[in-house]
1. Check A:Leu21, A:Leu47, A:Leu33 and return the single one that is open to solvent by less than 60 Å² (accessible area, probe 1.4 Å), in contact with a helix residue (DSSP H, G or I) (Cβ under 7 Å, 6 or more places away or on another chain) and assigned to a strand (DSSP E or B).
2. For the condition free of Cβ contacts under 8 Å to residues at least 24 places away in the same chain, among the hydroxyl-bearing types (Ser, Thr, Tyr) and in contact with a strand residue (DSSP E or B) (Cβ under 7 Å, 6 or more places away or on another chain), what is the one hit in B:Ser86, B:Ser105, B:Ser98, B:Ser77?
3. For region A:81-109, enumerate the residues that are free of Cβ contacts under 8 Å to residues at least 24 places away in the same chain and open to solvent by less than 40 Å² (accessible area, probe 1.4 Å).
4. Pick from B:Ser84, B:Ser67, B:Ser98: which is open to solvent by 10 Å² or more (accessible area, probe 1.4 Å) and part of a loop (DSSP other than H, G, I, E, B)?
5. I'm trying to understand the selection: among the residues of region B:1-51, which are open to solvent by 40 Å² or more (accessible area, probe 1.4 Å), at the interface with chain A (Cβ under 8 Å from one of its Cβ atoms) and in a strand (DSSP E or B)?
6. Residues in region A:50-60: is at least one among the hydrophobic types (A, V, I, L, M, F, W, C) and within 10 Å of the chain's Cα centre (by Cα)?
7. Among the numbered criteria (1) in contact with a strand residue (DSSP E or B) (Cβ under 8 Å, 6 or more places away or on another chain); (2) under 18 Å from B:Arg37 (Cα atoms), which one does A:Gln42 miss?
Amino acid sequence: AQSVTQLGSHVSVSEGALVLLRCNYSSSVPPYLFWYVQYPNQGLQLLLKYTTGATLVKGINGFEAEFKKSETSFHLTKPSAHMSDAAEYFCAVSGPNAGKSTFGDGTTLTVKP
Amino acid sequence: SQTIHQWPATLVQPVGSPLSLECTVEGTSNPNLYWYRQAAGRGLQLLFYSVGIGQISSEVPQNLSASRPQDRQFILSSKKLLLSDSGFYLCAWTVGASYGYTFGSGTRLTVV
């Protein structure tokens, strides 16, 4: 079984500030972990993923995430927020069973000018 | 290039009416296909997935059904819609667990 918990349904930061979105996972097998972004009334877009190897992964739009097995975490960060980063962000874990992914409930990021 | 098409974008249907949402994938073969539903302010709930033509697995008992008549076509249906079927429906595909999903643009269904 696998599950994802995103801590904080809403995060607000000022433009230029650090963005930190938290994700903890549970998986009975080595996980594949993902972050997606969703803009209003659109589908989700893959930001970055961790499969194996380097635990710090870089994605699009300046985002990165670090896989910490001991903490079962995969937090998403960006050093400097931009107004265009305002969106909803989803953490997900997938396993070997038909590639099914389990998603967290999402975190809405607001960026203040 | 690989793309996914999902339609319609919005739909308003009366209670008790039928439903058919369609999703097609281009540029890949034998993808895994998924239907998710997203309720307002909540995460994504997996409804159905398919690993091949005619192979459908249901995750949640409900008023909906799915079919895969062709390799890259995935259809979500209902014979009689309920108010609780309202939501944002997303189709997605992948070629393996480590690749991540490519999502369609979604269908906003409102049952009135």
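The values are calculated or read from the model by the stated rules, or taken from the named source; none is laboratory data. Computed from a predicted model, the values in this text were never measured in an experiment. Positions of Cβ are backbone-derived with ideal geometry, glycine not excepted, and every protein chain shown enters the neighbour counts. SASA here: full protein model, heavy atoms, side chains in, ligands and nucleic acids out. Shrake-Rupley method; radii C 1.70, N 1.55, O 1.52, S 1.80 Å.
1. Numbers: A:Leu21 fails: in contact with a helix residue (DSSP H, G or I) (Cβ under 7 Å, 6 or more places away or on another chain); A:Leu33 fails: in contact with a helix residue (DSSP H, G or I) (Cβ under 7 Å, 6 or more places away or on another chain).
The match here is A:Leu47.
2. Details: B:Ser86 fails: free of Cβ contacts under 8 Å to residues at least 24 places away in the same chain; B:Ser105 fails: free of Cβ contacts under 8 Å to residues at least 24 places away in the same chain; B:Ser77 fails: free of Cβ contacts under 8 Å to residues at least 24 places away in the same chain.
From the options B:Ser86, B:Ser105, B:Ser98, B:Ser77, the qualifying one is B:Ser98.
3. Correct list: A:Ala98, A:Gly99, A:Lys100.
4. Numbers: B:Ser84 fails: part of a loop (DSSP other than H, G, I, E, B); B:Ser67 fails: part of a loop (DSSP other than H, G, I, E, B).
Checking each option against the conditions leaves just B:Ser98.
5. B:Val51 - this is the single residue of region B:1-51 that is open to solvent by 40 Å² or more (accessible area, probe 1.4 Å), at the interface with chain A (Cβ under 8 Å from one of its Cβ atoms) and in a strand (DSSP E or B).
6. Narrowing region A:50-60 to residues among the hydrophobic types (A, V, I, L, M, F, W, C): A:54, A:56-57, A:60.
Retained after the next criterion (residues that are within 10 Å of the chain's Cα centre (by Cα)): none.
For region A:50-60, residues among the hydrophobic types (A, V, I, L, M, F, W, C) and within 10 Å of the chain's Cα centre (by Cα): absent.
7. Every listed condition holds for A:Gln42 apart from (1).
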